[in-house]
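Heads up, the thing below is written out as structure tokens.
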Amino acid sequence: MSMAKEHTVRCPHCGAEFQVPLSASRVTCPYCFTVFDARELTVKEENHYYFPLSKTLDPFEKLVKFISRQYAVPIDLPKSFTVDKRELYWVPVYFFFADVTAEARGHSNMYGEQTSEIRETRLVSIPASGTWLDEILNKYPFPVRGKLPFNPEITSRGLYLNPALDGNAAQKKVEQLVTSKVRLEASESFNTLYSVKIIEKKIENRGLIHYPIWVLGYNYNGRSYQAIVDGASGIVIHSEYPQTVRGRISLAVYALLSVVMGVAGALLYSYLVGEGFLALLGGLVVGGATALPALTRSATRVARASEYMEFR
Amino acid sequence: MESLSCKRCGAPLSVDPESLIAVCDYCGYPNIIGGDFSSEHVSIIPSKTREVVENKFIEVVKKDPQLSKIEDIEVLEISGAYFPAWYTTIRANVRASWYTTVIEERNNRVITRRVLQHEERTISRKIFLPARRRIPSEPVLNALASYTVKKAESISPTREDFDWEKIKLEFLGVEIGRQEALRILTDKFIDSLREEYKSRGEQLDFFSASIVKVEEPVLLYVPVWTISYTAHDSVYLAVFDGYDLTCLYRSEPLTSLERIAGFSLGLALSSLSGPIFAATASLTGFETSLLFLGLLATAGYTITKSAMASARVENA
């Protein structure tokens, strides 16, 4: 590092001193990972970041390549759909570090009256767009690529959603979530729980991230379908697609057949061996369970699929 | 404008303030940025190169009975990255008691009895935590988890005589610091112990764990490669561990023949399960045969689901 001009800065959060290049304005403390202003030595009130949009991704191309491999999807769909909607949303998500310690007192039949320390420490994310997108993002594991310090230029591309919750409201939500987890853990740890007293509570706002999400709509044979694609990684988070009549009928036939086969097997067994009731019960239960997923799929014209759920 | 330069070759470095490690564009050396950051507890699992990973994928395709029959397989994108995770060994003293139900026969009568069991012991375990805010996808998580048991030759980022030129992988930023990681790891450890004791019986009577010792955590960078490929104009994924080339996850096209095979299996199972249930009931008793029935029903449900799925998924 001999060629670089450096100076020593002191982290405003943990007090550690370390060298940074003179040209750096925002630096990350290597000890506590706080991002701060290297000149003013202050932690930004609210760290604001964004995930960069993939430059090479064509969300529709990706969507069609994913949908085309679904069961009972029309073969001509990739060629004969029309684009209804292609909107980019920047969705706000808060991140918190929560660390709550409680003292629980209760009774155990084995050990008598006891006190025990219960702790809950974790990072919590709260999608805060105030729209239906929050629900979908709540379950979605945000992927790899690194986040960048917020750049106002992104607001010119796509719809920039301001957080519907402010930092304090989000913090209250996190507090509720974590304390209810502590209470649950406490009640599980005793035969009879007498009391839970929170003795230490630290909930820190670690910043706001804007995440790029494509909301897509397409039309096929006069009907419209929706899809959501991750703008940074191209993963299909949610999609709707039509099922062919042939596909649906074959699923219904399969469902019916599996119940019929269950009954037929049972009747044959009772004719040869006896035990008719038990055999019929077994055949109906397993035949029904085998038919169930096919029956529910055949009953819907629009099927749903998501790429990240395949990981589970 | 002044800038940092690579410690090994002196070339200028482009530095992302979020990252702890900046990879030199020219020689691939991972420079720890941020001055005197201690490299003592940072380790890197060496990765195979992009070409080797791609060759491994081609080999997997050739060996796979289904994939080898598809002619239009094309690799769309290969991307690799170093995922940071904290690893430590924690030891705790556990005191727990729980209820179980015991069924026994007394004077020709079957009775059930609730029994209070207890255990006091010291448990030590190696655990890990991804050093990023959001949990990565399941295959990546499995790759990170495997290094709690896997013996891998990790290298220190201060080693300049390593073949860094060949790797040049992006080091994903560390978002969970050492102190926070220790707190979260301890909590995770105690929570998993509580769950284990909970599952030993019907109800916990008492559970308490106190931490005796926590080892200095190590920040390990694990290389994971993702290959997206197309077959019959549809897109699929394969995930590899960059160190030993284990295929952690693979989605593959399901042919219509395979779907038909799945559906036939479902029908065969339906027709056989009545007789199986009746036969086990008369041989082993009604209660055991109910367990059998549950298993058969789950199998039937799963067979139909996977026959309708959009891809066949194979996990390591």
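The values are calculated or read from the model by the stated rules, or taken from the named source; none is laboratory data. Please read all numbers here as calculations on a predicted model, not as lab measurements. Here Cβ is always computed from backbone atoms with ideal geometry, including for glycine, and neighbour counts include all displayed protein chains. Each accessible area value is taken on the protein alone, full model and side chains, heavy atoms only, with ligands, DNA and RNA left out. Shrake-Rupley method; radii C 1.70, N 1.55, O 1.52, S 1.80 Å.
Odds and ends about this structure:
- Complete set of residues in region A:70-110 that are assigned to a loop (DSSP other than H, G, I, E, B) and open to solvent by less than 50 Å² (accessible area, probe 1.4 Å): A:70, A:71, A:72, A:73, A:74, A:81
- Of all residues in region B:176-194, those satisfying the criterion of being open to solvent by 30 Å² or more (accessible area, probe 1.4 Å) and modelled with pLDDT under 85 are B:178, B:179.
- The residues on offer are B:105, B:153, B:120, and the sole one that is away from every other protein chain (no Cβ under 14 Å) and in a strand (DSSP E or B) is B:105.
- With respect to the conditions (1) in a strand (DSSP E or B); (2) surrounded by fewer than 17 Cβ atoms within 10 Å (Cβ to Cβ), residue A:39 lacks only one, and its number is (1).
- Residue that is open to solvent by less than 20 Å² (accessible area, probe 1.4 Å) and not in a strand (DSSP E or B), where the choices are B:236, B:221, B:197: B:197
- Scope region B:122-165; condition open to solvent by 50 Å² or more (accessible area, probe 1.4 Å), touching a strand residue (DSSP E or B) at 6+ places or on another chain (Cβ under 6 Å) and basic (Lys, Arg); matching residues: B:126
- Taken as a whole, the structure places residue B:116 among residues that are under 30 Å from residue B:197 (Cα atoms), out of contact with any helix residue (DSSP H, G or I) (no Cβ under 8 Å at 6 or more places or on another chain) and open to solvent by 50 Å² or more (accessible area, probe 1.4 Å).
- Meets criteria (closer than 30 Å to residue A:151 by Cβ and open to solvent by 10 Å² or more (accessible area, probe 1.4 Å)) for residue A:249: no
- Residue match in region A:198-212 (condition: within 21 Å of the chain's Cα centre (by Cα) and surrounded by fewer than 19 Cβ atoms within 10 Å (Cβ to Cβ)): yes
- Yes/no for residue A:232 being under 16 Å from residue A:54 (Cα atoms), open to solvent by less than 50 Å² (accessible area, probe 1.4 Å) and within 14 Å of chain B (Cβ to nearest Cβ): yes
- Listed conditions (1) in contact (Cβ under 8 Å) with a residue 12 or more places away in the chain; (2) more than 29 Å from residue B:203 (Cα to Cα); (3) not acidic (Asp, Glu) are all met by residue A:197, apart from (2).
- Those residues of region A:264-280 which are over 48 Å from the mean Cα position of the chain (by Cα), open to solvent by 60 Å² or more (accessible area, probe 1.4 Å) and at the interface with another protein chain (Cβ under 8 Å from one of its Cβ atoms), in sequence order: A:268, A:273, A:275
- Residue B:243, sole failed condition from (1) among the aromatic types (Phe, Trp, Tyr); (2) facing another protein chain (nearest Cβ under 10 Å); (3) surrounded by 15 or more Cβ atoms within 10 Å (Cβ to Cβ): (2)
- Cβ-Cβ under 7 Å pairs, at least 6 apart or on other chains, region A:282-296 side within 7 Å of chain B (Cβ to nearest Cβ), far side open to solvent by 60 Å² or more (accessible area, probe 1.4 Å) and of a type in the set (Ser, Thr, Tyr): A:289/B:301; A:290/B:301; A:292/B:301; A:293/B:301
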